[in-house]
Every structure is written in C-alpha cells, then in structure tokens.
Amino acid sequence: MAAQHQFLLDLTVVLGASAIAGYFANRLRQPVLLGYLLSGLILGPFVLGIIQETEEIEALAEMGVAFLLFALGVEFSLAELRRVQDIALKGSVLQIGLTILLVALTTTLAGWTHGIIQGVFVGAVLSLSSTAVILKTLTEQGEVNTLHGQIMLAILIVQDLAVGVMLAILPALNEPQNLWGSLAIAILKALLVIAGALALGYWVIPPTMRKVAETENNELFLLAIIALCLGVALVTAGLGLSIEMGAFVAGLMVAEIDYADQALNRIIPLRDTFASIFFASIGMLIDPQVLLDNLGLILGLVALVVLGKAIIIFPIIMSFNYSFKTAIISSLGLSEIGEFSFILTLTGLNVGLLSEDQYLLLLGTTAITLVVAPINIKFAPRLADKLLSIPLIKYYLHKYKGRKAFSLPKKMRDHVVVAGYGRVGQVIVRILYNQGYSVLVIENSEAAVQSLRQQNIPYLFGDGDSELVLEKAHLDHAKALAVTLPDPASTRLLIKRALSLAPNLDIVARSHENNEIDLLTQMGAREVVQPEFEAGLEMGSHVLMTLGQPDEAIQNVIRMLRTDRYFNIRPKRSPKLLEKEVQNVRVALHNEWVTLPENSPLVGVTLADADVRQKTGVAIMVIQSQEDTLYYPKGDTLLEAGDRLLLVGQRSEVATFEQLYIR
C-alpha cells in the first residue's frame, strides 16, 4: 500500500511541477515543453532527487508518446497532404534526405559518431523541426496564412509523418551485420501493418465507431479510442516494431472516418497530460553537470545545427521558385530540432545507438534550438531585407528570376496595383478586370503566377514589400494600390515603401486584427478594411432595413463608422497594449524620438495641416505631452512646444523632418 501511495505522490508532484514550470515558460514566451523538461530535471535524481524511482513514471511517459503519435496521425490525414503536396512531398523528402546524408558524412569523417549507421541516426534526429513551436509562433504573429507560414507547415507535416517511418526502421539500424536484411524486414513489417490498418480503417473501424457513437455516451467513445490506440500500438510492438509506430498508424486509421474530429477532441486532454509526463521524464534523465561541463560544445552544436539546417533548406525552397525573402524566413524558421527528436533520441539510447553522453549533448542542443526558434522567425524578415540591400545579391536575384519574374508592359499608366492574389486579391482583380480597368498584380506564389499568366493579367513575381519589386510597379503613375497580404509586418513595410516611391498614392489595405486599423492608417493607408467589421456592418444594415430604417439613414450610419475607423464598435485597448503594438512596429522599422522646440513651425498646427508625411515621408506614431501620451494621433491633433514625437521612417526621412521642423 505504501508503494502505491508513493507512486501517487510521485505522479502528483510531477504533474504539479510541470504545470508550474509550464506556466512560467508560457509567461516568458517560451514553449511549455521546455518548462516540462526543466521540472523533470529539478525533480530528478541529479538535482533535488525527489523522484528516485523513475520506472513507473517512464511507463506513463510511454503512453504519452503513444497519444502524441496517435493525435498526430489523426490531425494530418492524407487529404491534408494532397493540399500541399508539391513543396510538402518533394521539398520535405529532399530536406530530410540531404540532412541525413550530410550529417552522416560529416559526423563520421569528423569522428563524432562511431560509424555511418550512427551518423545516419543522428542525421534523422537533426532533420526534424518543431511543429509545436513554429505553429505557436506563427499563430501569435498572425502569419499562419502567409506564404512562408504555409511552406513551413507543409514541410513540417511530412517531417512529422516521417517520424513514424523512422521509428519503424530504427531497430534495424542497431544490427549492422545484417543491416539490409533487417531494414527489408522492418519495412515489410511496416507495410503489412499499414496495409492491415488501411483495411481495418476502411471496413472495420468506421462501422464500429459509428455503433459506439450512436450510444451518445462520451465515456464509451473515449474508451474505444484509447483501446484502438493502445491496441494497435501493442500489435506493432509484438511484431518487433515500436509502440509509437503503432499509435501513429492507429491515428491514420481514425483520420479518414466521420468521427475523427470528435476522437481528436476527446484524446487531446489525455495527450497533453501524458505528454507533459513524457517531457518531464526526459528531464529526469538529464545530468546538469554534464551539460555545464560541455556548455561550450553544446552552444557550438546549436550554431552548427541552426546554420547548417538553414543552408540546406534555403536552396530547396528557392528551387521551387519562391522568393528570396520567403526562402530566408522559411529556412531560418525550420532550423531548430523538433520535439519528436526527443522520442527518437530516447529510443536510440534504449537500443544502443547513442551513448549516454551523446544523448545528453543532443538533448541540450535540441532544447536550446527550441528557445532560439521563435527569435529566428521574428528577425528573419529584417535579415532578408538587409541581405537584399547587398548589390551582389540584388544582381543575382535579377539574373535568377529572369523574364519569368514579371509580365507587364514597359509603361503602365492609370492602373491599379493589387499586392497579394489570395482570396481577397482575386475578388478585387476580378471586379476591376471585368470593369475594364488596367490591373497589375504583385504575388510571390508560383501557382498564383501561373493562373495570372494563363489569364494574361500583368504581374510581378516577388514579395510585395520588396523595393526591387515595387520599383517596377510604376507606382508613380498608378491610380491606387490595394494591399491584401496575409502578413501584417509585410503590409506595413509595403505601405511605407510604396509611399516613398509615390507620396500621393491612394492606398487601401486589409487589416487582419483590430489593432492594425490605426497602425496602417498612421502608416499612410487612406482606407483600412477590417473583414469582420465589414461583415458586421452589412448584417447590421440588413437588420436595420428589416426594422424599417430608411436606406439613406442606414448608409449614413455605415459611412460614419467607416470614416471613424470603426472606432465606436471596436473594443477599448489599454495604454499598455497600445504601447506594445507600437513597440512591434519600432522593431521592424527605423524610428526616432524628437522634441518640438518653441520655434518649430509645427507648434500650434494640426497634423492634418502640417501634412508631415507628404513633406518628409515620416509617420508620427506617438505624441507625448506633459499631461498625456497619445497613440496613433488623428489629423485634428494640435502640436505644442515640448511635445515628444515618435517618428517612423527611413533615416533620410527623419533627417529631413529634423532639418525642417527641429533645427
């Protein structure tokens, strides 16, 4: 009885510590799994020693791995793969293959691994990137639907699916004397399991789950899902394959049935609970003294992995005709080691492919790259812009793209430039094209460019915020610019650069979030459209019409709300949130604070009358007076002596402002 109580106490301590450490990791904007790892390290035998008997914890951790792989199989169905099959299949397979090949050769020749087999295994570990960290980072930055976001997620889908294959053939790597025979047997077993799973998934699982679902009993449904997951996992384990492989195949079986979403919804709490135990159990195996003794080596490995993976991935993405900037962001975003590498390394340790020291080095390297990953994604656009300013790279890109990069007349006048040919951009182009207006589309997707080419619509192939691209768009002779890019940062940069080329250009921009409305207006967009608010306005106008309001009164209400930037229907934002929004802009664009002297020509003048943006190119984002701080000041704001202004613009534009109004 005492042993049972001890197990319950250990389990409670692990879950409680994981929750606390995960909370602090989240508050520090780090992946929660790093918190779980830290909690295990602290509780484990090498630090506090609270958990001494780890066998029972490891048994639960193995269930966590099974649920992780099961949920992965459910989430990434074959239908999802078909949607992104080009870059997903070809690019991912090339990336995984090249990483394994180069790592195997490098580590073997350098003597870091004992033979090519171990080198291949280490290459497989390093070839994976983190779905959890990248998806979380892209979601927080509003970049899931951007082109680089879709590319990264497409490659990650195949990487995660490849985990199942790697786990299937992993035991065979430990038998070098009969490697090819063992590999053949492992692959044959895996194919038999998959074939059997497909048969069950087509003829047996759907009617069985339908019968269970008809009971409308959540407990029975959950029990059936758990039994399926663990049952198939045990079958594969009995065949000499891994439990993880079986759980993954079970997930694929469920993915194609009608109740896949319901199954995933039921299993996610179990997955997350047991996964936290798994990552904590990994932490218990870490000896911090080994990490401290090898800190320099680990940091060197981190730099080598991040740069090496980026160098491998960059030319692959470029070869699929994506832009330089997209390739830079995607390659840096995928340059970390993924969370499923923890599973591979632990399995490698158990089957003897890794020594304990090698295991700990890989563990430390993986953890640090996960911390670095969000930073890489955040600063990759700025790095790409810096690289694009180098003359040699500019020349190379002009030569690389060739004639394919654009299809437009030598001179265009009175045309409308549409940046982004997604769903919104296609609607705008169709409306303008059908009305006989001249249109020029800027797009960085090869598939979209092919469609434009077939329709004989003029286009520029490249990133909308690229100076190289905008210089060819004849903006100084354009009637208007419609910005429909999915990336908020690129939208801001595009508006800034477009106005530097054509200060009087009429710009209408699409806003993804409420907080972008004031920001884009301040950057120079004359009209900012928020799709959710527009849907609300249309529905509201219909309801008012149903209630008997005259059409003219309804249109006046709608016009007033739009003119006031939807101000009366937007939620209130705290000064701290406004400060955070401005800070995000300051990170991406050059900015300076200046103070208005008493003799400045701006003193006593409103922003609208001063027309600072037209005369200098800078945008005034914040005005600080002795009494208050005003974010995104409107045109009727009166400037006074002593006001501190936050100017956003190029260095030359800020210098022009200071010359005209400060000195």
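Any read-out appearing in this document is the output of simple, stated calculations on the displayed coordinates, not a laboratory observation. Remember, predicted model here, so these are calculated numbers, not experimental data. Glycine gets a Cβ as well: all are built from the backbone with ideal geometry, and neighbour counts include every protein chain shown.
About the centre of its Cα atoms, the range 577-661 shows a dipole size close to 360 debye [charges on the beta carbon of Lys, Arg (+1) and Asp, Glu (-1) only; nearest 20 debye]. When only the Cβ of Lys, Arg, Asp and Glu is charged (+1, +1, -1, -1), the dipole of the chain relative to its Cα centre reaches about 2360 debye.
Other residues with beta-carbon under 11 Å from the beta-carbon of Leu126 carry, at +1 per Lys or Arg and -1 per Asp or Glu, a net charge of 0.
What are the semi-axes of the equivalent ellipsoid for the range 221-291, taken as the square roots of 5 times the Cα gyration tensor eigenvalues, largest first, in whole Å?
Values: eigenvalues 154, 56, 17 Å².
Listed largest to smallest, the semi-axes of the range 221-291 are 28, 17, 9 Å.
Close amide H partners of Ala509, meaning residues 5 or more places away or on another chain with modelled amide H under 5 Å apart, are Val483, Glu527, Val528, Val529.
Just want to confirm a number: the relative contact order over the chain, from Cα pairs under 8 angstrom separated by 6+ residues, in percent.
Once divided by the residue count of the chain, the mean separation gives 12 percent.
Between Thr606 and Leu15, the contour length at 0.36 nm per residue exceeds the alpha carbon distance by 206.9 nm.
Out of all DSSP beta bridges with both ends in the range 402-506, state the antiparallel percent to the nearest 5. Please report the intermediate quantities before stating the final value.
Numbers: 2 of 14 bridges.
Once the DSSP bridges in the range 402-506 are tallied, antiparallel ones form about 15 percent.
Compactness of the range 265-343 was expressed as the Cα radius of gyration divided by 2.2 N^0.38 Å, which yields 1.51. Applied to the range 528-543, the Karplus parametrisation 6.51 cos²θ - 1.76 cosθ + 1.60 on θ = phi - 60° returns per-residue 3J(HN,Hα) values of 10, 9, 10, x, 5, 5, 5, 5, x, 5, 5, 5, x, 5, 5, 5 Hz, with x for Gly and Pro. For the set Lys411/Lys615; Lys386/Lys576; Lys325/Lys472; Lys472/Lys572; Lys580/Lys634; Lys496/Lys580, the pairs lying more than 29 angstrom apart at their alpha carbons are Lys386/Lys576; Lys472/Lys572. Computed from the coordinates I sent, semi-axes √(5λ) of the Cα gyration tensor in Å equals one of (i) 50, 29, 28; (ii) 62, 36, 23; (iii) 42, 34, 22. Tell me the label. Label (i) holds the value from this structure.
Take each peptide in 90-102, 378-390, 623-635, count the other Cβ atoms within 10 Å of every residue, and average; sorted highest first, the result is 90-102, 378-390, 623-635. For the chain, the longest principal axis of the C-alpha atoms and the axis of helix 243-255 are separated by about 50°. Against the main long axis of the alpha-carbon atoms of the chain, helix 205-214 sits at an angle near 70°. A simple count of charges around Val648, restricted to other residues whose Cβ falls under 12 Å of its Cβ and scoring Lys, Arg +1 and Asp, Glu -1, yields +3. By the helix-only formula, in which each DSSP H run with n ≥ 4 contributes -39500 (n - 2.57) and the sum is divided by residues, the chain has a 222 nm mean residue ellipticity of -21000 deg cm²/dmol. The Rg/Rh ratio for the range 402-506, using Cα coordinates for both the radius of gyration and the Kirkwood hydrodynamic radius, is 0.92.
When Rg and the Kirkwood radius Rh are both evaluated on Cα atoms of the range 2-385, their ratio Rg/Rh stands at 0.95.
As a rough footprinting exposure proxy, the listed residues Phe567, Phe324, Phe221 were ranked by other beta carbons within 10 Å of their own, and the order from fewest upward is Phe567, Phe221, Phe324. Amide H to amide H, with H built 1.01 Å from N, Val441 comes under 5 Å of Val418, Tyr459, Leu460, counting only residues 5 or more places away or on other chains. Each Lys or Arg adds one and each Asp or Glu subtracts one; over the other residues with Cβ under 13 Å from the Cβ of Glu592, this totals +1.
Using alpha carbons only, the radius of gyration of the range 518-567 set against its Kirkwood radius gives Rg/Rh = 1.06. Rounded to the nearest 10 degrees, the angle from helix 324-333 to the longest Cα principal axis of the chain is 40 degrees.
For GluC sites (Glu not before Pro), the sites in the range 443-551 that DSSP calls loop and that have at most 13 other Cβ atoms within 10 Å are Glu471, Glu513.
Ranked highest first by the average count of other Cβ atoms within 10 Å around their residues, in what order do 193-200, 643-650 fall? Walk me through the numbers before you get to the answer.
Values: 193-200: 15.9, 643-650: 20.4.
Put in order of decreasing packing, that is 643-650, 193-200.
Extension gain, Leu392 to Asn350: 0.36 nm times the residue separation minus the Cα-Cα distance gives 10.1 nm. Toward the positive end of the charge dipole of the chain, with +1 on the Cβ of Lys and Arg and -1 on the Cβ of Asp and Glu, the farthest Cα among Leu440, Leu68, Ile226 is that of Leu440.
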